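These notes are about the structure you will find just below.
Rule-based calculations on the coordinates, nothing more; no lab input. None of the values given here were measured: they were computed from a predicted structure. Here the Cβ is made from the backbone with ideal geometry for all residues, glycine too, and neighbour counts use every protein chain on show.
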Amino acid sequence: MTRKYFCAGNWKMNTLKKNVEEILTNLKNNVDGENADIVVAPPAAYLQMVQSQKPSYVQLAAQNCFKKSTGAFTGEISPTMLLDFGTKWVILGHSERRHVFGETDELISEKVSHALKEGLHVIACIGETKEQRQSNQTAKVVQEQLKSIASGVTDWTKVVIAYEPVWAIGTGIVATPDQAQEAHKLIRSWIADNVSSNVADHVRVVYGGSVNAANCKALSKLNDVDGFLVGGASLTAEFATICNATK
Ligand code: PGA
């Protein structure tokens, strides 16, 4: 089964206008987007700027959205608004949303469900903390998070699962190929057992956590790793190398 390579850059709460221009110029000059889904997730304030300046092959993602379409929810953005100006994807369940902003599995599942219902594609993130890995809870935690997300999924063709071990995010400590393959296989097996083998064959499971130009090639060759969700390195010229990892 060949799944299309997926490479998304999560800019988090970084970038100003000048950085947006630099990042897009790097993509224009060094990536052609052939045989790959290339996605960028700028801060909400820059979504429209990116939409108007990005190369056509680059797909736009938001870093978050709310579980309602409209109403009295100060500070929130709805899927309907994101779609209104051409956003295709939304990242949901990122560990920073879970751990810094206290988002629960239940809220994330509701957001996934609503985003899909409105027509967005979803990058749904799961992953264990360092303490959970050290106490052999990785499989349990990942399966529980996945189960909760799956309960909100109505269309698996619009979902990418991002396995992002919390201990690898922004730390410079990348999962070893064995650790990544083991977790990705576990995720795919859970989907085969609890959703369907067809969905398990087709759904893309991408890795995130300290991915860079030096480690992306080896990780991209793993059977169950279908691409990356990249944080820090997506703000630099290295992102082009990661987008081209399978070439
Ligand atoms: P990182 O972040 O690449 O900076 O580790 C990954 C992420 O949070 O998606």
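For the pair N30 and A213, label points projected 7 Å from Cα toward Cβ lie 0.5 nm apart. Distance between the 7 Å Cα→Cβ label points at S56 and N19: 3.0 nm. Pairwise inverse Cα distances across the range 17-145, averaged and inverted, put the Kirkwood hydrodynamic radius at 16.1 Å.
Zone of N223 (label point 7 Å along Cα→Cβ, backbone N under 19 Å): which residues in the range 157-177? Backbone N within reach: 163, 176-177.
Here the label points at T157 and S197, each 7 Å from Cα along the C-beta direction, are separated by 2.2 nm in the simple model. Taking the chain as a Gaussian network of alpha-carbon nodes connected by springs under 10 Å, the highest mean-square fluctuation of the residues L186, L235, L82 belongs to L186. Counted by Cβ distance under 14 Å from D37, the other residues give a net charge of +3, where Lys and Arg count +1 and Asp and Glu count -1.
Take the chain, connect every pair of alpha-carbon atoms lying under 10 Å apart with a spring to form a Gaussian network, then pick out the residue of V211, V195, V225 with the largest mean-square fluctuation. Greatest mean-square fluctuation among the candidates belongs to V195. Ellipticity at 222 nm from helices only: DSSP H runs of n ≥ 4 in the chain, each -39500 (n - 2.57), divided by the residue count, give -11500 deg cm²/dmol. The length gained on full extension between K117 and K4, counted as 0.36 nm times the residue separation minus their Cα-Cα distance, comes to 38.3 nm. One decimal place: the segment K147-T246 gains 32.6 nm when fully extended, by the rule 0.36 nm per residue minus the C-alpha distance.
Which value results when the Cα radius of gyration for the chain is divided by 2.2 N^0.38 Å?
Numbers: Rg = 16.7 Å, N = 247, 2.2 N^0.38 = 17.9 Å.
Expressed relative to 2.2 N^0.38 Å, the Cα Rg reads 0.93.
Straight-distance candidates among the lysines for linking to K140, with alpha-carbon spacing under 21 Å and chain neighbours fewer than 8 residues away dropped: K130, K185.
Tell me, what is the FRET efficiency for A237 and V100 to the nearest 0.05, using R0 = 22 angstrom and their Cβ-Cβ distance as r?
Step by step, r from the Cβ atoms, then E = 0.20.
Please name which of A200, G172, T154 has its Cα lying farthest along the dipole of the range 148-214 towards the positive end, using unit charges on Cβ (Lys, Arg +1; Asp, Glu -1) and the Cα centre as origin. So the residue furthest toward the plus end is T154.
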